[in-house]
Amino acid sequence: MYIAIFGMFSFIWFGWAQENPKKSWRKYIGIASAVALVLCLIGVYLSVLNWNERTTLTDSAAFNNYLIFVSIEFLLSAIGAFLLIKFKKKDYIAPWIAFVVGIHFFWLKNIFNDFSLYILGVLLIGVALISLPFSKKLNVANSAITGIGAGTVLFCFAILGLIRFLMT
């Protein structure tokens, strides 16, 4: 599922990057989206083949904590997006959501006992922060830089999941 989830979210972020990038970037973002989708589907296939294997979320306490953290993440993202729209700052929604998603990986590290989720969190927070000056400098939407950055980071973690799967 690691591959499927990170591949899917990579695909989604690359999709969001297509909001207003430089025209010359569109083809490459589209290719990245397609490759991320293929990786996601490989993850889905491998998950179905291993459906009955035990996972961290088999433990009900871990699953409940996971649901709590993801619910908080969605709530914070939605509230922030609503406020940004209300105050006519919708161009900041993508960086805001990347920032919240980055933070949520710090919570999930203990559930999944995976130190690399700290790295993922730091990288996504970094993407959210650097997207602001880079989008201004390059004269593109914040979502273009945030989407490319977050999509790339999540794609790398989907590949990490595939490597981990193949090495077991």
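Computed from the coordinates by the stated procedures, all read-outs in this text should not be read as laboratory data. These figures come from a predicted structure and were not determined experimentally. Cβ sites come from the backbone with ideal geometry, for glycine too, and all protein chains shown count toward neighbours.
Every condition in (1) out of contact with any Leu (no Cβ under 6 Å at 6 or more places or on another chain); (2) of a type outside the set (Lys, Arg); (3) surrounded by 23 or more Cβ atoms within 10 Å (Cβ to Cβ); (4) within 19 Å of Val35 (Cβ to Cβ) is met by Thr152 except one, and the failing one is (3). Filtered by the rule that a residue be farther than 19 Å from Leu120 by Cα and free of Cβ contacts under 8 Å to residues at least 12 places away in the same chain, the stretch 72-106 gives Leu75, Ala78, Ile79, Phe82, Leu83, Ile85, Lys86, Phe87, Lys88, Lys89, Lys90. Consider the stretch 111-142 and keep the residues that are in contact (Cβ under 8 Å) with a residue 40 or more places away in the chain and closer than 22 Å to Val70 by Cα. The one that is surrounded by the fewest Cβ atoms within 10 Å (Cβ to Cβ) is Asn113. Can you tell me which residues in the stretch 39-56 are touching a residue at least 40 places away in the same chain (Cβ under 8 Å) and either assigned to a helix (DSSP H, G or I) or within 20 Å of the chain's Cα centre (by Cα) (or both)? Leu39, Cys40, Ile42, Gly43, Val44, Leu46, Ser47, Thr56 - these are the residues of the stretch 39-56 that are touching a residue at least 40 places away in the same chain (Cβ under 8 Å) and either assigned to a helix (DSSP H, G or I) or within 20 Å of the chain's Cα centre (by Cα) (or both). Residues that are under 21 Å from Ser135 (Cα atoms), of a type outside the set (Gly, Ala, Ser) and not in a helix (DSSP H, G or I) within the stretch 1-38 comprise Gln18, Glu19, Asn20, Pro21, Lys22, listed in sequence order.
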